[in-house]
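One structure is given below, encoded as structure tokens.
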Amino acid sequence: MPEATLGPAMVAAGSVIAVLAAGYLAILSGRPVAPPELRTEAAARGRFTRNALTPLLASGFDRAVFWVFWIVALRVLGPPRYGEYAFAINLLTYFGALTDFGLGTVLTRDIARRGVDLRPRFGAGLVIRLRLVTLSIPLMLGLALIYYATGSVSEATVVTAAILAAGLLPTALGQAYASVYGAWERMDRRGLVAAGASALTVGLGLVLLGAGTGVIGLAIAGTASGTASLLVLARPVGFDLLRTGRQGLGHRRDLLASGFPLMLNGLLATAFVQLDILILQAIEGTTVVGHYSAAYKFINALNAVPAAVVLAAFPLMARAAEDPEALGRWLARTWRVLISFAAPAVVLLFAYAQPLVGALLGEEFLPFTAQALAILIWFLPLSYCNGTLQYVVISLDRQWWLTPAFLVTTLFNVGANLALVPIFGFLAAAATTIASEAVLLVMLAWILRRDQLLRRLLEPALRPTLAAGCLAVTIWLLRDLPWIPAAAAGLVIYGSVLALSGGISRSMFTPRGDD
């Protein structure tokens, strides 16, 4: 499409998407939610299936819409300008982890397990979140200004960071309400709201990007959709919860004690995965950050899978924490689903990173984005496994043990990046990300060494690994064909082998005694 007509077309398409998304969110906001009434094993299995599949399907739609948007946005912005946005978003992830403070996980775990009174618990968490937001906004802006003062980022990056920092407030309040949905095992509703909010982000982003606002418009769209998400999550539960701050005075110390290790773990986990962006920004500059972050877009799309499946299993793991056999079954079931997605993704994106990036993002992102993606994709199964084990540790009330694990991993990551990035650039950053996940897996295995749980990871991984090997052989044999039909044929082989070997069955979502 000619550039003269691209902008108006983006504005028109974005307006339609934004209106439809706003209407959809308005409908969801009027539908009530309530905690589960039945506590039987059969009812729990049904809720797990609903809470895993609905967010997964919603996330699939969400990611598909987002990918269409980012294909357009990345082509419009190019690596240098996208690097500006990626840097600001990278800052946001750290302060997002700080303002959440692990409170969402603590509230979900406690109410799911003990049925504690919601209002004072919510109010105590709310006060903590608001104080952390008040602290985080100037800190995030100040960090952006430090990079600006050294000449590493532009004025547009600072403005983008300021807008995203303002969005910490509605995001923190939305996370507080989202934890209630988790405790009530209504992750399906939370997933539907997230999909609608993402569609609203896409619609507003197209409008503002088409109007020529660049990365600043993307930040405005994200902040606006975060506010909309808060309203939609809050209305069914009740806006009156926002007035419960004084009711939770006696709960604040307990929440701080329980949430602090999770917050610290979240910051460290974010650091060892994304701190390489800050190092690359200082050493290699904005364009390299744009290439590297564009590769991460593919990884982030695939992270929708554990976000849906693990969070659906978490309240059930928390309830089964005192029964090692039951906890082991939920661990095996969750990992079975995740590795079935991760195994083919690794093979396909490693083999077809170059043509995939070229087809979706354009020649401007070749070869560097494709090279980064071909390395980064190998971190996916390790990340899926570590994410599952992390929630097992939390279910067992050992979240303090995660802190030294993440600290060791982060120190390794920072040291390796500082030593290797000046020599090998973004390729070293990508390889270090994989190595860091391996270090974390060793640490988590040590934490759970006495629980006899890690053996439950082996059997679920065998069939997907075998099927992925058949997928790799297939695409090698079809290497002279165009990549799309070769990849499609490989996926058919993968699914067939997985099904014939028993890797796809009702037991992926329904527990058996020997799962």
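The values are calculated or read from the model by the stated rules, or taken from the named source; none is laboratory data. As the structure is a computational prediction, the values presented were derived from the model and not from experiment. As a convention, Cβ positions derive from the backbone with ideal geometry for all residues, glycine included, and neighbour counts pool all protein chains shown. Side chains included, ligands, DNA and RNA excluded: accessible areas come from the protein's heavy atoms. Shrake-Rupley method; radii C 1.70, N 1.55, O 1.52, S 1.80 Å.
For a quick protection proxy, order the peptides 10-19, 142-151, 118-127 by their average other-Cβ count within 10 Å, most packed first. Numbers along the way, then the final one.
Values: 10-19: 17.5, 142-151: 13.5, 118-127: 21.6.
Packing proxy ranking, top to bottom: 118-127, 10-19, 142-151.
If r is the Cβ-Cβ distance from residue 364 to residue 68 and R0 is 25 Å, what FRET efficiency results, to the nearest 0.05?
Details: r = 18 Å, r/R0 = 0.73.
The computed FRET efficiency comes out at 0.85.
Carbon and sulfur: what percent of the stretch 298-392's accessible surface (1.4 Å probe)?
Working: 1760 of 2690 Å².
Carbon and sulfur together cover 65 percent of it.
At what distance in nm do the modelled label points of residue 243 and residue 282 sit from each other, each positioned 7 Å from its Cα along Cα→Cβ?
4.8 nm
What dipole magnitude, in Debye to the nearest 20, does the chain give about its Cα centre under +1 on Lys/Arg Cβ and -1 on Asp/Glu Cβ? All intermediate terms of the calculation are to be shown ahead of the outcome.
Working: 37 positive and 27 negative charges, 303 e Å.
It works out to roughly 1460 debye.
List, in order, the whole-Hz ³J(HN,Hα) value for each residue of the stretch 196-202 obtained from phi through the Karplus relation with A = 6.51, B = -1.76, C = 1.60 and θ = phi - 60°; use x for Gly and Pro.
Ordered by residue, 3J(HN,Hα) equals x, 5, 5, 4, 5, 4, 5 Hz.
Taking only DSSP H segments of four or more residues, each worth -39500 (n - 2.57), what value at 222 nm results for the chain once the sum is divided by all its residues, to the nearest 500 deg cm²/dmol?
Details: 19 runs with 420 residues, N = 515.
After summing the helix terms and dividing by residue count, I get -28500 deg cm²/dmol.
Kirkwood Rh, the chain, all Cα pairs: how many Å?
Working: mean 1/r = 0.0423 Å⁻¹.
The Cα-based Kirkwood calculation yields 23.6 Å.
Could you order the peptides 63-75, 304-316 from most to least packed, using the average number of other C-beta atoms within 10 Å per residue? List each step's numbers first, then the result.
Details: 63-75: 18.8, 304-316: 23.8.
By packing density, highest mean first, the sequence is 304-316, 63-75.
Tell me, what HN-Hα J-couplings in whole Hz come from the Karplus equation 6.51 cos²θ - 1.76 cosθ + 1.60 at θ = phi - 60° for each residue of the stretch 318-326, using x for Gly and Pro?
Using θ = phi - 60°, the values come out as 4, 6, 8, 4, 8, 10, x, 5, 5 Hz.
Once every Cα of the stretch 273-358 carries one equal point scatterer and solvent is ignored, give the base-10 log of I(q)/I(0) from the Debye formula at q = 0.17, 0.24, 0.26 Å⁻¹, two decimals.
-0.83, -1.11, -1.19
Please work out the FRET efficiency for the pair residue 252 and residue 29, using the Cβ-Cβ distance as r and a Förster radius of 30 Å; give the result to the nearest 0.05. Could you put the intermediate results ahead of the total?
Numbers: r = 29 Å, r/R0 = 0.98.
Rounded to the nearest 0.05, the efficiency is 0.55.
What distance in nm separates the two pseudo spin-label positions at residue 438 and residue 407, each 7 Å out from Cα along the beta-carbon direction?
2.5 nm
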